[in-house]
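A.B. asks: Next up is a structure, given as structure tokens.
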Amino acid sequence: MAVDHDTLIGWLSRLKLTAIRDQLDNLLDEASRADLTIRETLAFLCEREIARKDERRIIMAMKIAHFPHARDLEGFDFEAQPSVDPQQIRELATARWVANGDALLLLGPPGVGKSHLAIALGREVIRQNYTVLFTTAQALVATLVRAHGEGRLEERLGFLAKPKLLIIDELGYLPLEPNAAHLFFQLVSRRYERGAMLVTSNRSVGEWGTVFGDPVVATAILDRLLHHSHVITIRGDSYRLREKRRSGLLQKSTTAAGMESN
Ligand code: ADP
Ligand code: MG
């Protein structure tokens, strides 16, 4: 069957096999140089197409996740942070806990790497083919309050229930609005045992009653979050201040939490 080049390119476009289309001559040359059989050639072309599609999917999912910036596990200095077990983080990076719909709490004072790990793990989870959405507790509650006021709470909860992993950063840094506890509870109930959640907080779970301004609802929230959960408590000094101290900008004794910005 004789097919001219342009027709073949047209067919590949129609089938959306863009990686094969864009590299057709090179790929066929490569296959022939390697003496691939027809079956091997087909597998080789499929492999290239799948690699391109995966790459595209990851780029798109990273955009949809709305990470505030890029952080990766390779960039995390485990030696500087002995209270974090690298083995446990590697296990979490496999995303098994996300498949199970578990919760992960990263607790600890400012600057110890909670957001860094949350973003890095979120990016790993995307590479494992799950959808992720990153938000801060403050922004999350604000959108829930607004949706509630506009009679669109159901719609908003539906949207927030969709991603397989929801990352809520910085719970406890800023005081939440009075209605926050109830709205947050509805969100957690909606996702419970379906979608995974990763929450970072500078407050221990014992203080969440104060964070939410409602100990009863906070207990109900924690009850669900802690049911299938992994809790990592990070200790130590702020990595940011540590860097500054190293460069001589700060005295060794300076541990003022008030100097920390997040
Ligand atoms: P937190 O969210 O706990 O307040 P961050 O994750 O924002 O802290 O960390 C503060 C800064 O220090 C970030 O730029 C982060 O990448 C960096 N950082 C913190 N801990 C480490 C670490 N162990 N290795 C490398 N960088 C770190
Ligand atoms: Mg943070």
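The values are calculated or read from the model by the stated rules, or taken from the named source; none is laboratory data. Quantities reported herein were computed from a predicted structural model and do not represent experimental measurements. Positions of Cβ are generated from backbone atoms using ideal geometry, with glycine treated the same way; all protein chains shown enter the neighbour counts. Areas reflect the complete protein model, heavy atoms only, side chains present, ligands, DNA and RNA absent. Shrake-Rupley method; radii C 1.70, N 1.55, O 1.52, S 1.80 Å.
A.B. asks: Residues of region 58-75 being within 15 Å of the chain's Cα centre (by Cα) and either open to solvent by 60 Å² or more (accessible area, probe 1.4 Å) or more than 30 Å from SER13 (Cβ to Cβ) (or both), which ones?
C.D. replies: Step one: of region 58-75, the residues within 15 Å of the chain's Cα centre (by Cα) are 58-73.
The answer is ILE59, MET60, LYS63, ILE64, HIS66, PHE67, PRO68, HIS69, ALA70, ARG71, ASP72, LEU73.
A.B. asks: If LEU15 satisfies all but one of (1) of a type outside the set (Gly, Ala, Ser); (2) open to solvent by less than 90 Å² (accessible area, probe 1.4 Å); (3) out of contact with any Asp or Glu (no Cβ under 9 Å at 6 or more places or on another chain), what's the number of the condition it fails?
C.D. replies: Looking at each condition in turn, LEU15 falls short on (2).
A.B. asks: Find the residue count for region 121-143, including only residues that are in a strand (DSSP E or B) and under 26 Å from ASP54 (Cβ atoms).
C.D. replies: Here is the first cut: in region 121-143, the residues in a strand (DSSP E or B) are 132-136.
Remaining after also requiring under 26 Å from ASP54 (Cβ atoms): 132-135.
Total meeting the criteria: 4.
A.B. asks: For region 115-147, which residues satisfy the criterion of being surrounded by fewer than 20 Cβ atoms within 10 Å (Cβ to Cβ), closer than 14 Å to ALA70 by Cβ and within 16 Å of ligand 2 (Cβ to nearest atom)?
C.D. replies: Correct list: empty.
A.B. asks: Which condition breaks for ALA220 when tested against (1) within 16 Å of ligand 1 (Cβ to nearest atom); (2) among the small types (Gly, Ala, Ser); (3) open to solvent by less than 50 Å² (accessible area, probe 1.4 Å)?
C.D. replies: Looking at each condition in turn, ALA220 falls short on (1).
A.B. asks: Looking at (1) in a strand (DSSP E or B); (2) surrounded by fewer than 17 Cβ atoms within 10 Å (Cβ to Cβ), which one does GLY158 not meet, given that it meets all the others?
C.D. replies: Only one criterion in (1) in a strand (DSSP E or B); (2) surrounded by fewer than 17 Cβ atoms within 10 Å (Cβ to Cβ) is unmet by GLY158, namely (1).
A.B. asks: Considering only residues that are under 15 Å from ILE234 (Cβ atoms) and either surrounded by 10 or more Cβ atoms within 10 Å (Cβ to Cβ) or not acidic (Asp, Glu) (or both), which ones fall in region 78-87?
C.D. replies: Our first condition is that a residue be under 15 Å from ILE234 (Cβ atoms); within region 78-87, this holds for 78-86.
Correct list: PHE78, ALA80, GLN81, PRO82, SER83, VAL84, ASP85, PRO86.
A.B. asks: Got a sec? Which strands (runs of 3 or more DSSP E) wholly within region 162-246 have at least 2 residues that are in the same structural domain as ARG123 (by TED's automatic domain parsing) and of a type in the set (Asp, Glu)?
C.D. replies: Values: elements: 165-171, 196-201, 229-233.
Those strands (runs of 3 or more DSSP E) span 165-171.
A.B. asks: Assess whether GLU91 counts as being modelled with pLDDT under 95 and either open to solvent by less than 30 Å² (accessible area, probe 1.4 Å) or among the charged types (D, E, K, R) (or both).
C.D. replies: no
A.B. asks: Let me ask something else. Does at least one position in region 166-176 carry a residue that is modelled with pLDDT under 95 and away from ligand 1 (no atom under 16 Å from the Cβ)?
C.D. replies: Within region 166-176, one or more residues are modelled with pLDDT under 95 and away from ligand 1 (no atom under 16 Å from the Cβ).
A.B. asks: Checking the condition within 16 Å of ligand 1 (Cβ to nearest atom), open to solvent by 70 Å² or more (accessible area, probe 1.4 Å) and out of contact with any helix residue (DSSP H, G or I) (no Cβ under 9 Å at 6 or more places or on another chain), which residue from ARG245, ARG240 passes? Lay out the reasoning, then the answer.
C.D. replies: Numbers: ARG245 fails: open to solvent by 70 Å² or more (accessible area, probe 1.4 Å).
Residue meeting the stated conditions: ARG240.
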